[in-house]
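Read-outs: derived from the displayed coordinates by stated rules, not from any lab. Keep in mind that what you see is a predicted model, and the values were worked out from it rather than measured. Note that we place each Cβ from the backbone using ideal geometry, even for glycine, and neighbour counts take in every protein chain shown.
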Amino acid sequence: MDVRRRFVRVKEAATYSGFSRARLYQLAHEHPDLFRKDRGISFIDLDVVDRIHKGLPTAKFCARAPDEAA
């Protein structure tokens, strides 16, 4: 049984989320509960990352006409 850890280091959170490290730090301003600190170690709450993902707008794609396909 795989169990997802709730709190991970920044590098792991970047891999999990697809956000860059810099973007994670930017998101911390909008989501103050994203980061936790223990002494000099930063942890990211993956539950907050999941909430951020759910709040992203849905991507809209337009299908090309068959004659425009490459």
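Close contacts from region 25-50, counting a first residue that is touching a residue at least 12 places away in the same chain (Cβ under 8 Å) and a second that is among the small types (Gly, Ala, Ser) and surrounded by 10 or more Cβ atoms within 10 Å (Cβ to Cβ), with Cβ to Cβ under 7 Å and a gap of 6+ residues or different chains, come to Leu34/Ala28; Ile44/Ala13; Leu46/Ala13; Val49/Ala13; Val49/Ser17. Just the residues that are surrounded by fewer than 11 Cβ atoms within 10 Å (Cβ to Cβ) and more than 14 Å from His53 (Cα to Cα), please, taken from region 28-39. His29, Pro32, Asp33, Lys37, Asp38, Arg39 - these are the residues of region 28-39 that are surrounded by fewer than 11 Cβ atoms within 10 Å (Cβ to Cβ) and more than 14 Å from His53 (Cα to Cα).
The residues of region 1-27 that are of a type in the set (Gly, Ala, Ser) and either farther than 18 Å from Arg51 by Cβ or surrounded by 15 or more Cβ atoms within 10 Å (Cβ to Cβ) (or both), listed by number, are Ala13, Ala14, Ser17, Ser20, Ala22. Working only within region 41-70, note down all residues that are in contact with a Phe, Trp or Tyr (Cβ under 7 Å, 6 or more places away or on another chain) and among the acidic types (Asp, Glu). Scanning region 41-70 gives a single hit, Asp45.
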